[in-house]
Each structure stands twice: as C-alpha cells, then as structure tokens.
Amino acid sequence: MTSLDEYHRKRTQLIADDRALRVDSVNGDRFSEKSRQADVILRRIRKEEAKSIWAIEHDNVPHPFPGMEFLTGKHIILKTQLFNIITKMPKGALLHVHLDLTVNGNTLLALALQHSSFHIRASARVTPASIKSVDIEFRPLPSNFVPKYISLCLPTYKPGQWVPLRRAREHFDAALDGTQGFDRWIASCLTINPSDAYITHNNNIRMWDKFTVAARLTGNLVYFAPVWRAYIRQFLEETIIDGVSYVEARINFSPKVSLALLFMIGPDGELNVPHKEWLSMFQDVLVEFHGSLQAQGRDDEFIGAKIIYTIIRNCEPEELEWYLNDCIEMKKLFPGIIAGFDLVGDENAFRPLKDYLPQLLSFSTLQTSQGLPEHHHIPFIFHAGETTGDGSMADDNLYDALLLGTKRIGHGFSLVKHPKLMSMCRERGIALEVCPISNEILRLTASMPMHPLPILINHGVPVALSSDDPSLFQNMGLSFDFFQVLAASDVTGLLTLGHIARDSIQYSMLTADEKAHATLKWEERWERFVDEIVEFDGMRRN
C-alpha cells in the first residue's frame, strides 16, 4: 500500500467516524436495496439540478442557490424534479404545527365569505395610497347588528367602523382591481411576503412584530365556530395529500375571558363557545374524516390527530394554574385527543419557563389529585431555544425544558451551543421539532446552508421536520421543508429524510401499539414510493 493509498484509507475512516452518530449511519441497514437505489437517483438529480436550475439566473432572482431564502426561491423550487419527487414521499408525523395558522389565506377568506355575519373594519379609508399601511380587523357580529357603511373605499367611510365582509369585497375600488384586488389584499395581510421577510422586517424582532399582526388577523377568521369545523377538515385534507399520516397540532387556548372558558365566537356572533366545544368539534371532524377516507379505500393514509394544549407565555404565574386545571379537565373529557401541554410565543420578549416553575413542577401531582391515572398524565412538550441568543433568557429555556422533563423540544434552534444538552437529547431520545423554513423567515438564519440542522444530525440528536405556521410562511404540508433540507446538503440524502420521517412516528405521543401500526403503514407506503422512483428513472433513462 502506497502512502497515498494509506492516506485515502485514513481519510475514508475519518469521515465515517465523524458521521457515525448520524441516524443514517446508526440505522444504516434499516432500508431495502431499492431504497438505496432511490437515494442514489435523487443525489444524481440534485447534482444535475444544481447546474441546470440553481446555477442560472431567474426573473428577479439574479443569484439563486439551493436552500436559498424560501419566499424568494419558492417559484424556482416548484420547477425542480427533486421537489416533485419529494411531494410524493410519505413523511410520517407532523409534530410541530399551530392549527390556527395552517390553511392558506385565499381558502380561509373563501370560508369566511360563506358567512354573512363576518365584518371588516379598517384604521383608515382604503385607497391606492393607504392600502399598504392600513390596519384591518375581522369579526363575526350578531345578526341584529346594523352596519352603517358598505365600503372601506368610499370617501364617506369612517375609520374603525364595521362593514359586512361581502359588501366590502363587492364595493372594493376598481382602481384597486375590484374583487380580485380585494382577495389579493386580504391574502397578503394573512401571509408574510418576501418584502416583509427580507427588506422591511429583516431581523428577528421586526419579523415577530409582522408575525403577530398576521397571526392575530388570521385568528379573527379561524375562531368562529362555523368556520372552525370546515377549517379543521381543510387542514386535514391538505396535510394527508402531502404524505403526512399523523398530526400533533398545537391549539392556543388563551386568553381566557374573565373566569369563563371563552374565546371562540359562536354562530350568534357572541363570544360564548367553551373550550370543550372546540375539542368536541375537532373530534367530530376527525371521525367524519376517517369515515370519508375509509369509504374511499384510503384509510391507510391517515393514522389520526391529537392536540397539544398551548397558551401564550405572557400570563401571570398565578393565572397559569387556571390553564393547567383547564388542560386536565379537557384531558378527562377527551383522553384520546389531548397529547401535551406547551407555552408558546416570542421567547425573547415573553416570560421564560423559570417564571412558572412552582406551577409546572406541581403539574404531575395536580393531575394525580384530580384523578388522572399515571398512564394518562399530560406531558410537557415545550417550545425552547427559538433564538439566536447565547445565554439569553430564551436560550436558557432549554435548561428548564429538559429539567422539567419535556418529551420533545419545539425548535431548539440554539441547542447546538450546548454540548451537554445535545448529549442529553441524544441519550434520552428527546427529539427536536425542527422548523427550517420558519427559522429562516423569522430570521434566525439567513438560509438553509447556514441552518444548524446538520450539526444536530451529525451529533445524533433526534429531529422531526415540521412546518410551524404554514399559512403565514406559505410552506403548506411538509414537502417544502423536506426539500430545503435535502437541497442544501451534499451529505443528507433521501435515506436521511426517510429515517427522519419514520422516526417522527416514534417521537410522537401515540401509544406503543399505535406507533407500531403507524410505522408498519409508513413502511408499506415508503416501499411503494421508492419503487416508483426506481421504475420512473429506469423508463426515463432507456
């Protein structure tokens, strides 16, 4: 053996040792030979498209690259064969998604327009000069409300006055393109666009401001009982089409109104729908959806959905006790629906977990005292470390999340700064719900090649890819997030994504038997998927 041969041997071994903790190394023999062929095919396509698509200029995108800013590069992604293949991939479980931010703005507006009770008001008359700066609000109002105005655009409109949503659309100024202009305007208010993310709000603090405005406006439309049912069904339909077979969605149950379980508006336009009705409707839609799939012979596509009870992390510690008791009550009423408890919101601005330690530390005892058997106890599934901070309040949430026994970590973006915590997650099987596109749009990272996900994977930290708030970020389903991860790496391949998708089921809150069933169904779909890739590639090359 020559010195050069010896060098190459050592180099190959060093690379193997360096990647030994990766899930695709630890479980390297998990997948079939056909899966390995499919992996090779996708690596070849990725390499080809790096030249044929990403190395050329596109309209308004002079210097594209794989994994670039999502909102700017989305239309390029849609041109790729790689993305087309990823859309067909079985993706396992979607473990981090906020239910009220899952259905795209155009669809949500269409749902709202079905109900005459919806009204809209603006902070100023809507004109070509003011349309980009005016603030708006939606609300379903009681049937006895008599509006005084029919348009947001007429000179007679008084700011802050309610206009029926349908009439506002019908009478939208022709100079703003009438009804089509209205639809585009509302959709833009319900999403984050490239200008927001990369120009006017191009840092994490400003993006949270934009996020909060758009999320609040979306909530105005979602938390109306007649829309809620149709909305849940729409979310489930869109999710399984993208290859997701199980969901754990977060629902925000705050703020409470006075001492009543109120927040959602009922058909009568009054704020009178209790939390138990939210979950009852959710459960009813699940049953109907399962029945519909079964009638179509598609029942193997969907395992089910559960809810993580969440509240905004800006309440007083004493108030948290009310929510914890409410969460327990919902678990008693819907034991198969409630999967966990979480505190959400901007970690850099709101209260850290340590502010709630007395309440959180007593949660297990509280559940026992209220009659919940231990196997039905509600676990913590905390957001933590969604920050670029190093030793900041938000960064330190990671310590408390782990000490409090969280089953998974939402985001955990800053975890890579903590070698001990990464080891704890690896050893305890605590998965990070990684939301690549969300992290990029909220400006925690500039692009996917700069995202810390490869560090987590290389250190053997379990991850589950998630979409977070797809209605705002325009990353519906999971295909876009999976694509960004695959396109931005030369190491990660289809097999890596397959391991992540399969393992997402294991890191869910399903029972052991449910996990076994879901995994079996996923493996069957995976084999059909890789068969199609290999078969299609053979036809294309012959």
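The values are calculated or read from the model by the stated rules, or taken from the named source; none is laboratory data. These numbers come from a predicted model, not from an experiment. Counting neighbours? That spans all protein chains shown, and the Cβs are built from the backbone with ideal geometry, glycine included. Accessible surface areas use protein heavy atoms only, side chains included; no ligands, DNA or RNA. Shrake-Rupley method; radii C 1.70, N 1.55, O 1.52, S 1.80 Å.
Observations on the model:
- Scan of the range 190-229 for residues that are at pLDDT 95 or above, in a helix (DSSP H, G or I) and more than 19 Å from the chain's Cα centre (by Cα), ordered by number: ALA225, PRO226, VAL227, ARG229
- Condition check for LEU333: in contact with a strand residue (DSSP E or B) (Cβ under 7 Å, 6 or more places away or on another chain), modelled with pLDDT of 95 or more and not basic (Lys, Arg): no
- Counted residues, the range 232-276 - those being among the aliphatic types (A, V, I, L, M), at pLDDT 90 or above and not in a strand (DSSP E or B): 4
- Qualifying residue in the range 5-18 (condition: of a type in the set (Gly, Ala, Ser) and either touching a residue at least 40 places away in the same chain (Cβ under 8 Å) or surrounded by 15 or more Cβ atoms within 10 Å (Cβ to Cβ) (or both)): no
- Scanning the range 329-363 for residues that are of a type outside the set (D, E, K, R), more than 21 Å from LEU403 (Cα to Cα) and within 25 Å of the chain's Cα centre (by Cα) gives MET330, PHE334, PRO335, GLY336, ILE337, ILE338, ALA349.
- Any hit, the range 317-331, residues being open to solvent by 10 Å² or more (accessible area, probe 1.4 Å), assigned to a loop (DSSP other than H, G, I, E, B) and in contact with a helix residue (DSSP H, G or I) (Cβ under 9 Å, 6 or more places away or on another chain): no
- Residues that are more than 25 Å from the chain's Cα centre (by Cα), of a type in the set (A, V, I, L, M, F, W, C) and over 16 Å from ARG30 (Cβ atoms) were ranked within the range 503-542; the one that is most open to solvent (accessible area, probe 1.4 Å) is MET539.
- In the range 138-170, the residues that are hydrophobic (A, V, I, L, M, F, W, C), open to solvent by 50 Å² or more (accessible area, probe 1.4 Å) and touching a His at 6+ places or on another chain (Cβ under 6 Å): ILE150
- Residues in the range 164-189 that are closer than 29 Å to SER143 by Cβ, in a loop (DSSP other than H, G, I, E, B) and among the acidic types (Asp, Glu): ASP173 alone.
- Scanning the range 115-134 for residues that are open to solvent by 30 Å² or more (accessible area, probe 1.4 Å) and touching a residue at least 60 places away in the same chain (Cβ under 8 Å) returns a single hit, HIS115.
- Helices (runs of 4 or more DSSP H) lying entirely in the range 400-459 (those with 1 or more residues that are over 18 Å from GLN474 (Cα atoms)): 419-428, 453-458
- Flag if GLY67 is modelled with pLDDT of 95 or more, assigned to a helix (DSSP H, G or I), closer than 25 Å to CYS435 by Cα and small (Gly, Ala, Ser): no
- With respect to (1) closer than 27 Å to ILE505 by Cα; (2) small (Gly, Ala, Ser); (3) not in a loop (DSSP other than H, G, I, E, B), the lone exception for GLY73 is condition (1).
- Checked across the range 29-46, the condition of being in contact with a Ser or Thr (Cβ under 7 Å, 6 or more places away or on another chain) and open to solvent by 10 Å² or more (accessible area, probe 1.4 Å) holds for no residue.
- ALA305 vs. criteria farther than 18 Å from THR406 by Cα, touching a residue at least 60 places away in the same chain (Cβ under 8 Å), touching a strand residue (DSSP E or B) at 6+ places or on another chain (Cβ under 6 Å) and not in a loop (DSSP other than H, G, I, E, B): yes
Yes/no per residue for (1) among the β-branched types (Val, Ile, Thr); (2) within 17 Å of LEU333 (Cα to Cα):
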site	(1), (2)
GLN234	no, no
TYR246	no, no
ILE251	yes, yes
SER254	no, no
ASP284	no, yes
GLY291	no, no
GLU301	no, no
ALA305	no, yes
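- Tabulated pairs, the range 168-183, first under 12 Å from LEU109 (Cα atoms), second among the polar types (S, T, N, Q) and open to solvent by 70 Å² or more (accessible area, probe 1.4 Å), C-beta under 8 angstrom, 6+ apart or interchain: ASP183/ASN106
- Beta carbons closer than 9 Å, at least 6 apart along the sequence or on distinct chains, pair a first residue in the range 74-87 that is at negative phi and without any contact (Cβ under 8 Å) to a residue 12 or more places away in the chain with a second that is open to solvent by 10 Å² or more (accessible area, probe 1.4 Å) and of a type in the set (A, V, I, L, M, F, W, C) for ASN84/LEU78.
- Residue under evaluation ASP481, criteria (1) surrounded by 24 or more Cβ atoms within 10 Å (Cβ to Cβ); (2) assigned to a helix (DSSP H, G or I); (3) in contact (Cβ under 8 Å) with a residue 60 or more places away in the chain, criterion not met: (3)
- The residues in the range 356-382 that are without any contact (Cβ under 8 Å) to a residue 60 or more places away in the chain and in a loop (DSSP other than H, G, I, E, B) can be counted, and the count is 6.
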